[in-house]
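Since every read-out is calculated from the coordinates, none of them should be taken as a lab result. Remember, predicted model here, so these are calculated numbers, not experimental data. When we count neighbours, we look across all protein chains shown, and the Cβ atoms used for this are built from the backbone with ideal geometry, even at glycine.
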Amino acid sequence: MSIIPERQHTVNISTASLRRTAAGDALSRLVVQIFQLNAHLIATGDALALPAGQTSARWQVLAAVEDAPLTVAQIARALGLTRQSVQRVADLLEEDGLAAYRDNPDHLRAKLLQLTPNGRSALQTIQAAQRIWSDRLGAEIGEADLQTASDILARVLTAVIAARPRTTGE
């Protein structure tokens with residue numbers, strides 16, 4: 001005797017319940033465009049950082065500690081990245097003499113990452129190239145449109161963070 005029924009009942013889901021609303025479609029289109037933009041920004045960042053011998057990932061970590069030393073966890077939170085990915089990049093920057101770990105008076109184990117003079121020089125080289133690029137592109141698109149886009153993206157980011165599904169490990 002089989003414990004599996006001979007005929008399983010089908011679930012009758014109307015196709016209308018599978019469609020997004022117009023606002024949902026608009027958000028989905030925006031998300032795809034943001035993913036595409038992100039890929040192009042990383043490629044552009046890599047090109048801007050290349051003369052300094054760096055990548056976008058290394059540039060982000062260098063810039064995060066430009067004004068003050070931070071722990072790897074603080075950098076990861078500020079950049080929205082995993083601690084492990086930032087740790088890997090920070091260790092490479094230290095190996096290359098662009099950053100150094102120092103003791104943290106607030107935490108025995110979590111060292112602070114700070115720029116070295118070579119790291120500051122590399123960051124300044126990248127920032128000079130980025131300034132030229134952003135000024136040219138900013139003039140092409142227009143300050144008012146960019147400010148509007150920035151305001152909207154800030155609202156989208158806030159909403160996405162608030163509505164993010166939580167995983168069991170959080």
> For the stretch 143-166, how many residues meet the condition of being surrounded by 11 or more Cβ atoms within 10 Å (Cβ to Cβ) and not hydroxyl-bearing (S, T, Y)?
Replying inline: 8
> Regarding L146, is this residue closer than 27 Å to V31 by Cβ, touching a helix residue (DSSP H, G or I) at 6+ places or on another chain (Cβ under 7 Å) and of a type in the set (A, V, I, L, M, F, W, C)?
Replying inline: yes
>> Step by step: first the residues of the stretch 90-115, then only those that are more than 23 Å from A49 (Cα to Cα) and assigned to a loop (DSSP other than H, G, I, E, B), then the one that is nearest to the chain's Cα centre (by Cα). Which residue is that?
In response: D106
> Among the residues of the stretch 123-136, how many are more than 21 Å from the chain's Cα centre (by Cα) and either hydrophobic (A, V, I, L, M, F, W, C) or assigned to a strand (DSSP E or B) (or both)?
Replying inline: 2
> Counting just the residues of the stretch 16-35 that are in a helix (DSSP H, G or I) and β-branched (V, I, T), which one comes out nearest to the chain's Cα centre (by Cα)?
Replying inline: I34
>> Just to be sure before I move on: is G138 surrounded by 12 or more Cβ atoms within 10 Å (Cβ to Cβ) and closer than 24 Å to L30 by Cβ in the structure I sent?
In response: yes
> Just one of Q60, Q87, Q74 is closer than 30 Å to S28 by Cβ and under 17 Å from the mean Cα position of the chain (by Cα); which is it?
Replying inline: Q60
